[in-house]
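Structure record follows, encoded as structure tokens.
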Amino acid sequence: MTRILPLVGLLLVALSATARAIEVTGTVTDRAGRPIEYASIAVPALKLGAATDESGRFRLQLPPGLAILQVSQMGYERARLEVRVAPGMTPLRIALNDQPIELSEVTVSASSFGKTGKAEGPVLSRRDVLMTPGGAADVFQSLRALPGINAPADGAAVYVRGGPPEESVIRLDGCDIGHPYHYERASGGLFGSLDPYMVRSAFFSSGGFSAKYGGAVSGVLDIEMEDPRDLRTATLGANLAGFSASGTAPLVRGRLSGSASLRLSVPDLLFRLYGSSNDYETAPVSRDGTARMLWRYSPTGRATLMWLASGDQVRVRARYLNVEDRYADHMRTDFGALRFEDAFAGRLALHGQLSVQGYGSGWSFGPVDATQLERALQGSLDALWSLTPRHELALGTVWRRRDTGIRGTFPADSTDFSPGAPTRRYDTHPVLDAAGFYLEDKLRLGGPFYATLGARLDRLSTSGVWTCDPRAALAWRVDDHQTVRLATGRYHQPAAARFLDPLYGNPRLEPLEARHVIAGYEWKSEYGNVRLEAYRKDYRHLVRVDPVTWYAGDGRGYARGVDAFVQGTHRWLSGWVSYGWLDTRRHELDDPRLLPTAYGVEHTLTLVALYQASSRTNLGAHYAHGSGQPYTPVVGRVWDGVRGIWRPVFGENHSALIPPYHRLDLRVTRLFTPPRVLGLRPSSRCVGYIEGLNVLGIRNVLEYEWNTDFTERSARESYFARRMLVAGFMLTW
């Protein structure tokens, strides 16, 4: 009994302290007043802590009296303050000083439905995008960590819920942009051509998207570029694969400012250190540059002018089927956009965009020697009218022209690439004009129910067909943390240019069609975000090979699945888990019936963990898994006596699976301020990092190759199949 009394006393004291706990709230910002998300607020003496949300807000339960708070976040000086905890105390406002590195804000969102008044969908912060191992500070590579992306290998191309990259639209400052990748033809797009320094935010939707977006049946990636600042900055960066430089400066203070960036990638040193999974005759080279100018012509109006140029080239020994030869490829793209924004009477906002893009590429392998030239023009006007605080009306119009020319020499038989193979000349030049209009109504139905109702009309010049796409979404705010969403809609996009040629194709092809149905649940709080979604997508008018008209639009298909996303933060540890299950079948091109697709990876899993070891040191880990990409196997061979070669006998389309994909990347990031060097003033911000790519050394398979008589199969490894250690730094003045 005497032993129990002290325990009871301690319990009563603890209960008393809990009963008297006082809620302490506050906001953490930088010196400019901008909120700092995921900042850590710790009370070491009490072993308590919290993290700020997207608005920089936090809350803690503390006993009355004096408390010592420690506030920290990557890129900012650690703050220490004494707080007198008492009933009725006012919210705290804590401002942190910048330290070593300035990180561009890059936000990536998954499917969004309706209007909830808060950020919709799971969000990856700027720290997640720029510091996640293996992401290479690349927006497109970062998307691979989100649900809804079913990327089959190492590439950055956007595969959305069973759809290939051409089924998603990518927008830059409100204008469609094509070919935003480096090494697109050789590797399906290994990295994006956008410098993250120039990117402000990126919205990603994997289904159920707004009527504002046309020309896509699977997904949308809408990228907003960073505005030039009204101050002078310069940033230099380098690693074992290349270097970058960027900066911003005011031209007329308060009115006119500009920014620019340059990047060059030459991984020759990496190949010398670690070798390569490919036999490059010369190391691949890529370059890109961006320039942007902002004119604030009135208190509410602004105009921006942007130019993006990128290019790359590669020469490598490659094998296709049973033929080995040199594959050579080069590409260049130029993209320019003019945009204006203005507001009238505080209730009507107008956005206008005009863009032009030129693209050229050439490639050769065996008998193939071809070029592709594209010219694209686009103009659009969007209006947003806030009728009441509970009601918004959006409408707009867009016109696009795409002029595509493909010419060259190709093998007459798709199974014969050997020397002396018969060839045919190909010369196609389809021109496509498309006009579209949309109207969308966002309103609060009453209580916790919100709706988005819209439709768009589009017309294609080649088929002369008008399409009407109704779309609707409903959101139910169960409480401050939980939301249930439903969305449905119809989506159209033109068939690929190679199918629309008057001579070698069918210009009367109807647009591809998809119908989405999505149901989702989301829980969100200051501790994290949980999102579950189930979806179904039904296709019509897919392109099929036709013996009379070359191609016909009578194909069909479906994709269904479940996506899950769990994101959380606890003191100095943050991370997320993303999982997707996909079942997709299509009857297209030469498929005899509904069959799996080459890009339909059934299971995908991503785990990311970030640990802030101190205010200057960050540790990260990134694990990715895919259940295996379908491919068409070679099941036999036949002898061609006329050509004197063996020809393959293929099994059913996409009836076999490449082995599962596994990759683990680790990263250590250190922030520091270097001393004065060579007369330069000390850098105000600096980051150094060491990153281990594929640290487990798993030789993931990209595809299979065969010997000359198809008796032996060998695996071609993925681009990051070898274990690599990469180091780099970035300085900012």
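The values are calculated or read from the model by the stated rules, or taken from the named source; none is laboratory data. Quick caveat: nothing in here was measured; it's all calculated off a predicted structure. Cβ sites come from the backbone with ideal geometry, for glycine too, and all protein chains shown count toward neighbours.
Go over the candidates Pro422, Pro430 one by one and state the one that is assigned by TED's automatic domain parsing to the domain that holds Arg347 and free of Cβ contacts under 8 Å to residues at least 60 places away in the same chain. Even if it seems obvious, please write down each step before you answer.
Numbers: Pro430 fails: free of Cβ contacts under 8 Å to residues at least 60 places away in the same chain.
Pro422 is the lone residue from the list that is assigned by TED's automatic domain parsing to the domain that holds Arg347 and free of Cβ contacts under 8 Å to residues at least 60 places away in the same chain.
Return yes or no: is Gly258 closer than 29 Å to Gly557 by Cβ, among the small types (Gly, Ala, Ser) and either at pLDDT 90 or above or surrounded by 23 or more Cβ atoms within 10 Å (Cβ to Cβ) (or both)? Reasoning before the result, please.
Details: closer than 29 Å to Gly557 by Cβ: no; among the small types (Gly, Ala, Ser): yes; either at pLDDT 90 or above or surrounded by 23 or more Cβ atoms within 10 Å (Cβ to Cβ) (or both): yes.
Spelling it out, it is not the case that Gly258 is closer than 29 Å to Gly557 by Cβ, among the small types (Gly, Ala, Ser) and either at pLDDT 90 or above or surrounded by 23 or more Cβ atoms within 10 Å (Cβ to Cβ) (or both).
Out of the stretch 40-62, which residues are under 12 Å from Glu23 (Cβ atoms) and either surrounded by fewer than 16 Cβ atoms within 10 Å (Cβ to Cβ) or at pLDDT below 85 (or both)?
Step one: list which residues in the stretch 40-62 are under 12 Å from Glu23 (Cβ atoms), which gives 50, 58-62.
Ala50, Arg59, Gln61, listed by residue number.
Tell me which of these Tyr438 doesn't satisfy, since it passes every other one: (1) surrounded by 18 or more Cβ atoms within 10 Å (Cβ to Cβ); (2) part of a strand (DSSP E or B); (3) at pLDDT below 95.
Failed condition: (3).
Considering only residues that are crowded, with 18+ Cβ neighbours inside 10 Å and in a loop (DSSP other than H, G, I, E, B), which ones fall in the stretch 699-718?
Within the stretch 699-718, Asn700, Phe710, Ser718 meet the criteria.
Might you check whether a residue that is more than 30 Å from Arg713 (Cβ to Cβ) and over 27 Å from the mean Cα position of the chain (by Cα) occurs anywhere in the stretch 361-375? Talk me through it step by step, then tell me what you get.
First pass over the stretch 361-375, keeping only residues more than 30 Å from Arg713 (Cβ to Cβ): 361-362, 371-375.
Filter again for over 27 Å from the mean Cα position of the chain (by Cα), leaving 371.
Taking every residue of the stretch 361-375 in turn, at least one turns out to be more than 30 Å from Arg713 (Cβ to Cβ) and over 27 Å from the mean Cα position of the chain (by Cα).
Are any residues in the stretch 553-592 within 15 Å of Val160 (Cα to Cα) and not in a strand (DSSP E or B), and if so, which ones?
The answer is none; no residue qualifies.
Could you tell me whether Ala451 is without any contact (Cβ under 8 Å) to a residue 24 or more places away in the chain, farther than 24 Å from Gly553 by Cα and of a type in the set (A, V, I, L, M, F, W, C)?
On the way: without any contact (Cβ under 8 Å) to a residue 24 or more places away in the chain: no; farther than 24 Å from Gly553 by Cα: yes; of a type in the set (A, V, I, L, M, F, W, C): yes.
The answer is no for Ala451.
Looking at Thr462, Thr467, Thr452, Thr423, can you tell me which residue is closer than 30 Å to Trp363 by Cβ and crowded, with 18+ Cβ neighbours inside 10 Å?
Values: Thr467 fails: closer than 30 Å to Trp363 by Cβ; Thr452 fails: closer than 30 Å to Trp363 by Cβ; Thr423 fails: crowded, with 18+ Cβ neighbours inside 10 Å.
When all the criteria are applied, what remains is Thr462.
Conditions tested, residue by residue: (1) touching a His at 6+ places or on another chain (Cβ under 9 Å); (2) at pLDDT 90 or above; (3) assigned by TED's automatic domain parsing to the domain that holds Ala79.
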{"position": "Ala613", "(1), (2), (3)": "no, no, no"}
{"position": "Val635", "(1), (2), (3)": "no, yes, no"}
{"position": "Val649", "(1), (2), (3)": "no, yes, no"}
{"position": "Thr669", "(1), (2), (3)": "no, no, no"}
{"position": "Thr673", "(1), (2), (3)": "no, no, no"}
{"position": "Arg676", "(1), (2), (3)": "no, no, no"}
{"position": "Asn700", "(1), (2), (3)": "yes, yes, no"}
{"position": "Glu703", "(1), (2), (3)": "no, no, no"}
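Hey, can you tell me all the residues within the stretch 63-97 that are assigned to a loop (DSSP other than H, G, I, E, B) and modelled with pLDDT of 85 or more?
Pro63, Pro64, Ala86, Pro87, Met89, Thr90, Pro91
Anything in the stretch 504-521 that is β-branched (Val, Ile, Thr) and crowded, with 22+ Cβ neighbours inside 10 Å? List them, or say none.
Filtering the stretch 504-521 for residues β-branched (Val, Ile, Thr) gives 517-518.
The one that is β-branched (Val, Ile, Thr) and crowded, with 22+ Cβ neighbours inside 10 Å: Ile518.
Conditions tested, residue by residue: (1) farther than 18 Å from Ser193 by Cα; (2) within 22 Å of the chain's Cα centre (by Cα); (3) small (Gly, Ala, Ser); (4) not in a loop (DSSP other than H, G, I, E, B).
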residue	(1), (2), (3), (4)
Ala211	yes, yes, yes, no
Ile223	no, yes, no, yes
Asp230	yes, no, no, no
Gly247	no, no, yes, yes
Leu251	yes, no, no, yes
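I want to confirm something. Restricting to the stretch 593-602 and keeping residues that are assigned to a loop (DSSP other than H, G, I, E, B) and among the hydrophobic types (A, V, I, L, M, F, W, C), which single residue is farthest from Val548 (Cα to Cα)?
Step one: of the stretch 593-602, the residues assigned to a loop (DSSP other than H, G, I, E, B) are 593-594, 596-602.
Checking the rest, the ones that are also among the hydrophobic types (A, V, I, L, M, F, W, C) come to 594, 598, 601.
On the way: Leu594: 22, Ala598: 26, Val601: 34 Å.
Selected residue: Val601.
Just to verify a result, which residue in the stretch 401-420, among those that are of a type in the set (S, T, N, Q) and assigned to a strand (DSSP E or B), is surrounded by the most Cβ atoms within 10 Å (Cβ to Cβ)? Outline the logic, then answer.
Start the filter on the stretch 401-420 by keeping residues that are of a type in the set (S, T, N, Q), which leaves 404, 409, 414-415, 418.
The next check asks that each one be assigned to a strand (DSSP E or B); those that pass are 404, 409.
Working: Thr404: 21, Thr409: 14.
Across the stretch 401-420, the extreme among qualifying residues is Thr404.
Regarding the stretch 379-387, can at least one residue be identified that is in the same structural domain as Gln353 (by TED's automatic domain parsing), surrounded by fewer than 18 Cβ atoms within 10 Å (Cβ to Cβ) and within 25 Å of Ala496 (Cβ to Cβ)?
Looking through the stretch 379-387, at least one residue is in the same structural domain as Gln353 (by TED's automatic domain parsing), surrounded by fewer than 18 Cβ atoms within 10 Å (Cβ to Cβ) and within 25 Å of Ala496 (Cβ to Cβ).
Conditions first: (1) in contact with a Ser or Thr (Cβ under 9 Å, 6 or more places away or on another chain); (2) surrounded by 17 or more Cβ atoms within 10 Å (Cβ to Cβ); (3) farther than 23 Å from Ala497 by Cα; (4) modelled with pLDDT under 95. Asp342 passes all but one, so which condition is the exception?
Unmet condition: (2).
When residues of the stretch 283-334 are filtered for being assigned to a loop (DSSP other than H, G, I, E, B) and either in contact with a strand residue (DSSP E or B) (Cβ under 9 Å, 6 or more places away or on another chain) or among the basic types (Lys, Arg) (or both), how many remain?
Of the residues in that region, 7 qualify.
Quick check on this structure: which one of Thr569, Thr597, Thr604 is of a type in the set (Val, Ile, Thr), in the same structural domain as Gly148 (by TED's automatic domain parsing), at pLDDT below 90 and crowded, with 20+ Cβ neighbours inside 10 Å? Let's see the steps before the verdict.
Working: Thr597 fails: at pLDDT below 90; Thr604 fails: at pLDDT below 90.
After ruling out the rest, the residue left standing is Thr569.
Taking the stretch 426-435, which residues are more than 30 Å from Leu453 (Cβ to Cβ) and buried (at least 17 other Cβ atoms within 10 Å of the Cβ)? Outline the logic, then answer.
Taking the stretch 426-435 and keeping what is more than 30 Å from Leu453 (Cβ to Cβ), we get 426-431.
Within the stretch 426-435, Thr428, Pro430 meet the criteria.
Conditions tested, residue by residue: (1) touching an Asp or Glu at 6+ places or on another chain (Cβ under 7 Å); (2) among the aromatic types (Phe, Trp, Tyr).
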| position | (1), (2) |
| --- | --- |
| Val323 | no, no |
| Met331 | yes, no |
| Asp334 | no, no |
| Ala337 | yes, no |
| Asp342 | no, no |
| Leu348 | no, no |
| Gly360 | no, no |
| Phe365 | yes, yes |
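Only one of (1) surrounded by 15 or more Cβ atoms within 10 Å (Cβ to Cβ); (2) in a strand (DSSP E or B); (3) not hydroxyl-bearing (Ser, Thr, Tyr) is not met by Val635, so which one is it?
Of (1) surrounded by 15 or more Cβ atoms within 10 Å (Cβ to Cβ); (2) in a strand (DSSP E or B); (3) not hydroxyl-bearing (Ser, Thr, Tyr), only one is false for Val635: (1).
Only one of these conditions is not met by Leu240: (1) modelled with pLDDT of 90 or more; (2) touching a Leu at 6+ places or on another chain (Cβ under 7 Å). Which number is it?
Going through (1) modelled with pLDDT of 90 or more; (2) touching a Leu at 6+ places or on another chain (Cβ under 7 Å) one by one, Leu240 breaks only (1).
Residue-by-condition table, conditions (1) assigned by TED's automatic domain parsing to the domain that holds Gly620; (2) under 24 Å from Gly219 (Cβ atoms); (3) surrounded by fewer than 17 Cβ atoms within 10 Å (Cβ to Cβ); (4) of a type outside the set (Asp, Glu):
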residue	(1), (2), (3), (4)
Asp538	yes, yes, yes, no
Gly553	yes, yes, no, yes
Gly557	yes, yes, no, yes
Asp563	yes, yes, no, no
Leu573	yes, no, yes, yes
Thr584	yes, yes, no, yes
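Would you pick out the residues in the stretch 290-345 that are farther than 19 Å from Asp369 by Cβ, of a type in the set (A, V, I, L, M) and touching a residue at least 40 places away in the same chain (Cβ under 8 Å)?
Hits for the stretch 290-345 are Met293, Leu294, Met306, Leu308, Ala337, Ala343.
For residues in the stretch 186-209 being modelled with pLDDT of 80 or more and in a strand (DSSP E or B), which is surrounded by the most Cβ atoms within 10 Å (Cβ to Cβ)?
Checked the stretch 186-209; the qualifying residue surrounded by the most Cβ atoms within 10 Å (Cβ to Cβ) is Phe204.
For Thr488, are the conditions met, namely being of a type in the set (Val, Ile, Thr) and buried (at least 20 other Cβ atoms within 10 Å of the Cβ)? Give the steps one after another, and end with the answer.
Values: of a type in the set (Val, Ile, Thr): yes; buried (at least 20 other Cβ atoms within 10 Å of the Cβ): no.
Taking the combined requirement at face value, the residue does not satisfy it.
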